[in-house]
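In what follows, a structure is listed as structure tokens, so that the remarks can point back to it.
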Amino acid sequence: MNETNVTMVGNVASDLRQRRTAEGAKWVSFRMASTERRFDPETGRWVDGRQVFATVNCWKRLAEGVAASLGKGDPVVVTGRMYTRDYEYEGQQRVSLDVDAHAVGPDLTRCTADLRRNRPQSDGARDAPAPGAPDATAAVPADGDRAVARAVGAAAAQASPAAVGPTERSVAESAVAEAPVATGPAATGAARRRRASAA
């Protein structure tokens, strides 16, 4: 299907019209004026040229954002699908130029904006841990610390083989493998000290 997608730069030329459909979807509409700017060689200045007026229609989340952000006279940039609509006014047939907007924003060449992003509430709930839940980072094993502990135990066994029997060695290795290991900067420092003492 062929569609005419356009980007218009201009100003909000009317007050915003707002309503909701029977299904609860928000709709916002406004008239937009786009004025051509051209250089006049006779005066050496930029002057206004021809104007294009269009009715911009916004739906759902876009309509909510437009209603909260824009007003009459604001400079805007509109991107959307352009089409013509026939209607009758005071017994005369007329044609309206309409744009179903995909995106609407302020024209930052002629204004500034205080940007506030709309974040779904579920995102924060998804990222935050549940009340009373254990800290996942505390359960991460420090493989380096365990390896150092095993190396120290092996060195001790080699230094005094008679002092460490098979049963004691098995129990010690099981304790090293199953004991919870602390993590973080303090644990890293402790591991370094253990390596130094082992050397």
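The values are calculated or read from the model by the stated rules, or taken from the named source; none is laboratory data. Values in this document were obtained by computation on a predicted structure and should not be read as measured data. All Cβ positions, glycine included, derive from the backbone under ideal geometry; neighbour counts span all protein chains shown.
Taking the stretch 35-62 as the search range and keeping residues that are within 21 Å of Asp86 (Cα to Cα) and of a type outside the set (Phe, Trp, Tyr), which one is nearest to the chain's Cα centre (by Cα)?
Going through the qualifying residues, I end up with Cys58.
So which of Gly73, Gly49, Gly80 is under 30 Å from Leu115 (Cβ atoms), in contact with an Asp or Glu (Cβ under 6 Å, 6 or more places away or on another chain) and assigned by TED's automatic domain parsing to the domain that holds Leu115?
Working: Gly73 fails: in contact with an Asp or Glu (Cβ under 6 Å, 6 or more places away or on another chain); Gly49 fails: under 30 Å from Leu115 (Cβ atoms).
Result: Gly80 is the single residue among Gly73, Gly49, Gly80 that is under 30 Å from Leu115 (Cβ atoms), in contact with an Asp or Glu (Cβ under 6 Å, 6 or more places away or on another chain) and assigned by TED's automatic domain parsing to the domain that holds Leu115.
For Ala33, state whether it is part of a strand (DSSP E or B), in contact with a Gly (Cβ under 6 Å, 6 or more places away or on another chain) and of a type outside the set (S, T, N, Q). Spell out the reasoning first.
Numbers: part of a strand (DSSP E or B): yes; in contact with a Gly (Cβ under 6 Å, 6 or more places away or on another chain): yes; of a type outside the set (S, T, N, Q): yes.
It is true that Ala33 is part of a strand (DSSP E or B), in contact with a Gly (Cβ under 6 Å, 6 or more places away or on another chain) and of a type outside the set (S, T, N, Q).
Kindly evaluate Asn2 against the criterion of being of a type outside the set (Gly, Ala, Ser) and either touching a helix residue (DSSP H, G or I) at 6+ places or on another chain (Cβ under 9 Å) or surrounded by fewer than 10 Cβ atoms within 10 Å (Cβ to Cβ) (or both).
Answer is yes for this residue.
Using the structure shown, decide if Arg94 is touching a residue at least 24 places away in the same chain (Cβ under 8 Å) and either among the small types (Gly, Ala, Ser) or not in a loop (DSSP other than H, G, I, E, B) (or both).
Criteria not met by Arg94.
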